[in-house]
Every structure is written in C-alpha cells, then in structure tokens.
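First comes the structure, then the notes that go with it.
The values are calculated or read from the model by the stated rules, or taken from the named source; none is laboratory data. As the structure is a computational prediction, the values presented were derived from the model and not from experiment. Using ideal geometry, Cβ is built from the backbone for each residue, glycine included, and neighbour counts are taken over all protein chains shown. Areas reflect the complete protein model, heavy atoms only, side chains present, ligands, DNA and RNA absent. Shrake-Rupley method; radii C 1.70, N 1.55, O 1.52, S 1.80 Å.
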Amino acid sequence: MEKLNKEIVVQTWFFRGLEDIFFAFQIESPFRYEPFFHTMGFEMICKSYLLAKESAKYENMERDQAIQKINTLAIQWGHNIKKMVDEIKNDINNPVFSAALSASYDSFTGDQFIKVMEAAYLECRYPVPKHIHEEFPIDGQTDLHWEPLASSGLEKFCFAFMKKIIIYLKKRFNIPIPKKEFDKIITDEAGVRFCNLFLKDIPNDFLENEPITSHFT
C-alpha cells in the first residue's frame with residue numbers, strides 16, 4: 001500500500017509557494033499581480049507548515065485517500081491568512097518568531113501586511129467598493145493614504161516569514177528544504193538578485209543538500 005511521506009507533501013506545498021513569491025519578485029505590477037502572487041505564495045508557505053503539523057491525519061492513508069484528506073485540510077484553512085499564521089505562531093510559541101510578525105517592513109508591520117494580503121485576494125482581481133489603503137491615512141491629510149499593496153515591505157515580510165518557516169520546519173519536524181530543488185526554481189539573473197536579498201544574513205546551511213524524492217501532484 002503506497003503512502004505519502006509528510007516530507008514530500010510539505011516540500012511540494014512549500015515549493016509551489018516559492019514559485020509564486022519568485023514570480024512576484026520578477027514582475028512589476030505593484031497594485032495587482034505582484035501583491036496577488038505574494039499572497040498566494042504566502043498562503044501556500046503557511047499551509048506547508050500546517051501540513052507538517054497535521055501530518056498524522058493523512059500519513060497512514062493510502063495515497064489517493066491522503067491526497068483527498070490534504071485537499072480537505074487545505075479547503076478548511078481557506079484563504080484566512082491571519083488564522084493560519086496565528087495557528088503557526090501558537091504551535092511554534094517562540095518570541096523570535098512572533099517578533100518577525102510585529103517587526104516593521106518599510107513602515108508597515110508584518111501583522112498589518114497579513115491584513116493587507118487578505119484584502120489582496122479580492123482587491124487585486126476585482127473592482128471593489130472599498131480598498132485596503134483607506135485604512136492607512138497619511139497623518140494630517142484628508143484624502144491621501146499610504147498604499148501598502150505597492151510597498152516593497154510586503155516582499156520583505158514574505159521573505160522574512162518564509163525564512164522562519166524553513167527554519168522551524170527543520171527544527172520541529174526534521175523536514176529540510178533541499179537546495180537542489182530551491183535552485184531549480186530560483187534561476188538566472190533574477191535568481192541571483194533574489195538570493196542576495198532572501199539569503200542575506202543567514203547561516204550557510206540555511207538550505208540543505210538533500211534531494212526531494214518526488215512530488216505528490
């Protein structure tokens with residue numbers, strides 16, 4: 001009876017999120033596509049951690065049943081980024097992780113960007129009656145607002161959060177993020193720039209030289 005290894009499941013979701021975040025890094029459409037792909041990538045990075053946490057719910061099933069269970073879990077979490085982040089934060093229970101959420105990224109906190117990304121799901125796709133920037137007025141101005149969806153801080157927060165997830169996937173679940181697979185996605189000149197930002201000021205063994213055996217999709 002073929003079963004799914006949680007390592008394969010978690011890595012599959014993580015790398016799908018990495019693809020979206022790297023795509024967002026390469027394009028220049030700050031009010032629509034860039035924040036939308038950051039949001040989708042961020043969600044999948046969250047779900048990669050949560051699927052590690054909930055692995056007992058699918059690991060002992062046959063492959064097809066496990067895939068259905070994983071899909072059910074993903075649907076239950078939905079697009080509620082705040083709920084997912086809170087669940088991750090409570091599971092990790094480390095002030096260093098919590099500090100990454102409250103830290104400032106180009107004048108916006110990580111907690112603010114979580115709210116901004118939840119708004120991005122609709123605002124980046126449809127004409128909406130109310131925009132998230134209306135909740136960020138410029139002091140002393142009546143009709144002017146900051147534009148968090150266009151802020152470079154959103155990308156910086158996604159980078160910081162993703163690094164923390166990689167670290168705690170290894171610490172808590174012994175699930176590595178293989179450098180070989182990382183390098184397949186993060187390529188060319190854009191990949192060099194991405195790594196100069198993403199891998200800045202972190203240990204040399206941040207990504208592990210361990211292969212991923214297969215994907216489940």
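Residues in segment 96-123 that are in contact (Cβ under 8 Å) with a residue 12 or more places away in the chain and among the acidic types (D, E) were compared, and the one that is nearest to D20 (Cα to Cα) is E118.
Each row is one residue, and each column tells you yes or no for (1) small (G, A, S); (2) under 23 Å from C124 (Cβ atoms).
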{"site": "G41", "(1), (2)": "yes, yes"}
{"site": "I45", "(1), (2)": "no, yes"}
{"site": "A66", "(1), (2)": "yes, no"}
{"site": "N80", "(1), (2)": "no, yes"}
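Listed by position, the helices (runs of 4 or more DSSP H) enclosed by segment 1-84 include none that has at least 3 residues that are surrounded by 14 or more Cβ atoms within 10 Å (Cβ to Cβ) and on the phi > 0 side of the Ramachandran plot.
Counting only residues that are assigned to a helix (DSSP H, G or I) and without any contact (Cβ under 8 Å) to a residue 24 or more places away in the chain, segment 85-95 holds 4 of them. Taken together, the residues in segment 87-101 that are farther than 15 Å from E54 by Cβ and not polar (S, T, N, Q) amount to 7. Of the residues I165, I175, only one is closer than 16 Å to D20 by Cβ, out of contact with any strand residue (DSSP E or B) (no Cβ under 9 Å at 6 or more places or on another chain) and open to solvent by less than 20 Å² (accessible area, probe 1.4 Å); which? Just one listed residue meets the conditions, I165.
The residue that is modelled with the lowest pLDDT, among those in segment 184-199 that are farther than 29 Å from D64 by Cβ and under 18 Å from the mean Cα position of the chain (by Cα), is L199.
Okay, residues lined up against (1) modelled with pLDDT under 95; (2) within 23 Å of L154 (Cα to Cα); (3) over 15 Å from the mean Cα position of the chain (by Cα); (4) polar (S, T, N, Q):
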{"site": "F14", "(1), (2), (3), (4)": "no, yes, no, no"}
{"site": "F31", "(1), (2), (3), (4)": "yes, yes, yes, no"}
{"site": "G41", "(1), (2), (3), (4)": "no, yes, no, no"}
{"site": "S48", "(1), (2), (3), (4)": "no, yes, no, yes"}
{"site": "D64", "(1), (2), (3), (4)": "yes, no, yes, no"}
{"site": "I70", "(1), (2), (3), (4)": "no, no, yes, no"}
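Applying the criterion of being part of a helix (DSSP H, G or I) and in contact (Cβ under 8 Å) with a residue 60 or more places away in the chain to the residues of segment 129-154, the residue that is surrounded by the fewest Cβ atoms within 10 Å (Cβ to Cβ) is A150. Just one of the numbered conditions (1) open to solvent by 60 Å² or more (accessible area, probe 1.4 Å); (2) more than 29 Å from V10 (Cβ to Cβ); (3) in a helix (DSSP H, G or I) is not true of Y126; which one? The number of the failed condition is (3).
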